[in-house]
Amino acid sequence: MREPSSSRVYQRSNRAHELTPAERAIYDTLDTGRIPQHVAIIMDGNGRWAGKRALKRFLGHQQGAESVQYVVETASRIDLPWLTLYAFSIENNLRRPGNEVSFLMKLLKSYLISNVKRMNDNNIRMAYIGRTHELPSEVQDGISVEDLLAAEGVDDAIKHRIDEPQITSALYTAHMPDPDLVIRTSGEQRISNFLLWQIAYSEIFVTDRLWPDFRGLHLLEAIAAYQQRERRFGGLGEASDEDLSDTLPTEAELARG
């Protein structure tokens, strides 16, 4: 079983003053020693957001792209080290109409081009993981060679005896800690083929809010909820005072079984 990742010592962010008043009110209640190192978000609900407003689906995707910017900037302002956003899955590619997939690729290209300076201004480093080599060439132009090469090496691992460290080292996220918190919008109670290995012991936060309505405030609310939980990684947890010595069967009792 994988060990939980080491904790990071936090201080109050020196950019907290850039938060909105509502965001700051929640941030000031957080324990900076328990800010997650890595938050992963399944962004869901763009189409339903548009449908509820009798709008075309592409407008939902455009609004969803705006939500990405709001959430990423808030994450930067609280010094969240890692944020992974689930933007597009192989199932999306196979099961969505071709014109919608084409639009999503154009939206992704536009986002990559138009937000570089904004990301730099917010001290954000963007990296792209997954099957990036299968994206359209015009989208790949916005992704570094290093990111593409990160997917290599899996065949070499298969040639040897595979154990957990080998699997972990061959993942797209090998350079990142496993997510502490997974957020899913739109109320769906599934993980949709997202970071299956990495989220084995992640805490999961599900909100009914559709992704285009999700903002930095709601990221902070999810982190606040996360901090109310006790992470046990398969154990009983520090709060447990249960004495099992009188309840577990002896070897003789097991043998009689």
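Computed values, structure above
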quantity: Accessible area (Å², 1.4 Å probe, nearest 10) - Ile42; calculated: 10 Å²
quantity: Alpha-carbon Rg/Rh ratio, for the stretch 15-132, with Rh computed the Kirkwood way; calculated: 1.00
quantity: Rg/Rh (Cα only; Kirkwood hydrodynamic radius) as it applies to the stretch 178-229; calculated: 0.95
quantity: Nearest-0.05 FRET efficiency for Arg12 and Asn120, computed from C-beta distance (R0 25 Å); calculated: 0.60
quantity: Glu66-Asp208 pseudo-label distance in nm [points 7 Å out on the Cα-to-Cβ vector]; calculated: 2.3 nm
quantity: Fraction of accessible area attributable to carbon and sulfur, the stretch 20-64 (%, probe 1.4 Å); calculated: 55 percent
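The values are calculated or read from the model by the stated rules, or taken from the named source; none is laboratory data. Every value quoted in this text rests on a predicted model; they were computed, and no experiment measured them. Note that we place each Cβ from the backbone using ideal geometry, even for glycine, and neighbour counts take in every protein chain shown. With ligands, DNA and RNA removed, areas are computed over all heavy atoms of the protein, side chains included. Shrake-Rupley method; radii C 1.70, N 1.55, O 1.52, S 1.80 Å.
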